[in-house]
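Here the structure comes first, spelled out in structure tokens, and everything after it is commentary.
The values are calculated or read from the model by the stated rules, or taken from the named source; none is laboratory data. What you are looking at is a predicted structure, and each value in this text was computed from that prediction instead of being measured. All Cβ positions, even for glycine, are placed from backbone atoms using ideal geometry, and neighbour counts span all protein chains on display. With ligands, DNA and RNA removed, areas are computed over all heavy atoms of the protein, side chains included. Shrake-Rupley method; radii C 1.70, N 1.55, O 1.52, S 1.80 Å.
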Amino acid sequence: NLAEAKAIIGKYPPQYKKAAMIPLLHMAQKQNGWTSLSVMNYIAKFLEVPPMRVYEVATFYTMFNRSPVGKYFLQVCTTTPCELCGASKIVETIEKHLGIKVGETTPDKLFTLVEVECAGACVNAPVISVNDDYFEDLTPEATVSLLDSLKAGKPVTPGPVSGRQNCEPLGGQTTLTTPPPGPGFMVREDL
């Protein structure tokens, strides 16, 4: 990882190497699962900045976990679009199925459940991020199936669980269904 960290720092001018702080915190979290105080201190020393600067960044951004999380970090979006599409039912399903509440980790350290603000996948709501993968168009049944597959170590396919491609309408395309007209379309003949 030292070579990777040096490569990250190498992307920035020497006088601005502190700009590598977020990528280094992200790399450390990927390696350890969370950003411990010792990790933050190491990054501060590595970047030659006061430790407080790293603490400020790591505590400001919610993407950095300040305590250990399970193997599968479940982030359920509960912002308005997801909520309107049933996010609360997804949270209830997870809590009931895993026997934990929001903010808790299962005793086997396999799952940690948190609520997050806007995952940016509103059109496919409700959505869960499992580590770095999004699972969208969730229903309580699909959520249980996903959790069971993860627990069993079975491969899972990220994306919409409804079968649609990306974020197209569930019933198929409703616009741009014919080839676009060519140049000069609806232009006066005398032009």
Per the list (1) open to solvent by less than 100 Å² (accessible area, probe 1.4 Å); (2) at negative phi, residue check on Gly172 breaks on (2)
On the given criteria, is Asn41 open to solvent by 40 Å² or more (accessible area, probe 1.4 Å) and touching a helix residue (DSSP H, G or I) at 6+ places or on another chain (Cβ under 7 Å)? yes
If Lys30 satisfies every condition in (1) within 15 Å of the chain's Cα centre (by Cα); (2) surrounded by 15 or more Cβ atoms within 10 Å (Cβ to Cβ) but one, which is the exception? (2)
Checked pairs for the stretch 1-20, first touching a residue at least 12 places away in the same chain (Cβ under 8 Å), second outside any helix (DSSP H, G or I) and surrounded by 11 or more Cβ atoms within 10 Å (Cβ to Cβ), C-beta under 6 Å and 6 or more apart or across chains, list as Lys18/Val49; Ala20/Tyr12
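Would the stretch 177-185 turn up any residue that is of a type in the set (Gly, Ala, Ser), touching a Leu at 6+ places or on another chain (Cβ under 9 Å) and buried (at least 16 other Cβ atoms within 10 Å of the Cβ)?
To start, the set of residues in the stretch 177-185 that are of a type in the set (Gly, Ala, Ser) comprises 182, 184.
Next, only the ones that are touching a Leu at 6+ places or on another chain (Cβ under 9 Å) stay: 184.
Going one step further and asking which of them are buried (at least 16 other Cβ atoms within 10 Å of the Cβ), we end up with none.
No.
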Condition check: of a type in the set (Val, Ile, Thr) and closer than 23 Å to Asn32 by Cα. Does Val91 satisfy that? no
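Restricting attention to the stretch 88-102, report how many residues are part of a helix (DSSP H, G or I) and surrounded by fewer than 18 Cβ atoms within 10 Å (Cβ to Cβ). Show your work before the answer.
To start, the set of residues in the stretch 88-102 that are part of a helix (DSSP H, G or I) comprises 88-98.
Filter once more, so that each one left must be surrounded by fewer than 18 Cβ atoms within 10 Å (Cβ to Cβ): 88-89, 92, 95-97.
Result for the stretch 88-102: 6.
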Filter the stretch 115-143 down to the residues that are open to solvent by 40 Å² or more (accessible area, probe 1.4 Å) and either of a type in the set (Gly, Ala, Ser) or closer than 12 Å to Ile94 by Cβ (or both) and list them by number. Glu115, Gly120, Pro140
